[in-house]
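Only the coordinates and a few stated rules stand behind these numbers; no lab work does. The model shown is predicted, which means the values in this text are computed figures rather than measured ones. Every residue, glycine among them, receives a Cβ derived from its backbone with ideal geometry; neighbour counts consider all protein chains shown.
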Amino acid sequence: MPEKSKFLKLKDEEREARRELFIYATLNLLEKMPFDEIGMRDIAAEVGVSAASIYRYFASREDLFIEAFIKDMSVLQFWLEKKMKGGPMNIETFSMAIADHLIESEPTFQMMSFLMIKGKMNPDLLIKFNTLQRSFIDKIDQVLENAGASACLRLFSHTYLSAITGLLMTFRNYPGRTKEETRHHIKRLARIMSSIFQEGITRVSPEAIQPHE
């Protein structure tokens, strides 16, 4: 490889390493602070650089947050893939795994909240986000297909994703409950939800879920 190409490769690797530092610093801060209280100066202080230097790698605070969410969800994907390689997961087992992660992971929960409020992202990040989300929904497809779903599988998977994330968004910070009480309540609801899906996915006809005027 020509010397110039080696140099450019090293520069690219260095740039990516710095991006990773800022992403992990953001995830670390999300463990301790609400996302709306975290500024670029907080992230820069976590890494030990000036706030201005972050803008060489991320166009905005929002872009950095979305990149952090994508990184965090990639870790969840990898974890799920390892669990699913051990054998087919039924709906309840899959739901418990998702619930456990979302109960324990403050960054994931906060970034889900952030994206619900933000609602928009730049086109390049949207491509990365959609790719990750499709991969995650593919895993839901697999679980629901193993449970007997066939017609309109993707619609069922979208419904499932809305249900499990909605459950966590509604009850994860349940006022007046301890963390253990909250965990117990969420897992009980996740079992009910899993049972409803298990019973319902083979009973809903394709005609029943066609769009209507």
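The table for this structure:
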item: Taking Glu16, Glu62 and counting other C-beta atoms within 10 Å, the order from fewest to most; result: Glu16, Glu62
item: Surface/4 estimate of mean projected area, convex hull on alpha-carbon atoms of region 157-199, nm²; result: 2.8 nm²
item: GluC sites (Glu not before Pro) lying in DSSP loop within region 84-171, provided at most 13 other Cβ fall within 10 Å; result: none
item: Span-rule helices in the chain, defined as complete DSSP H runs reaching 30 Å or more along the axis (Cα) with Kyte mean at least -0.5; result: 61-85, 123-146
item: 12 Å Cα-Cα reach of Lys120 towards aspartates and glutamates, excluding residues that sit fewer than 8 places from it in its own chain; result: Glu62, Asp63
item: Which label in [x] 153; [y] 179; [z] 164 gives the computed volume of the Cα convex hull per residue in Å³; result: [y]
item: Pairs from Lys118/Lys179; Lys71/Lys179; Lys32/Lys82; Lys32/Lys118 whose Cα-Cα separation, in the structure shown, is over 32 Å; result: none
item: Whether region 1-58 is rounded, prolate or oblate, judged on the alpha carbon gyration tensor where a/c under 1.5 counts as rounded; result: prolate
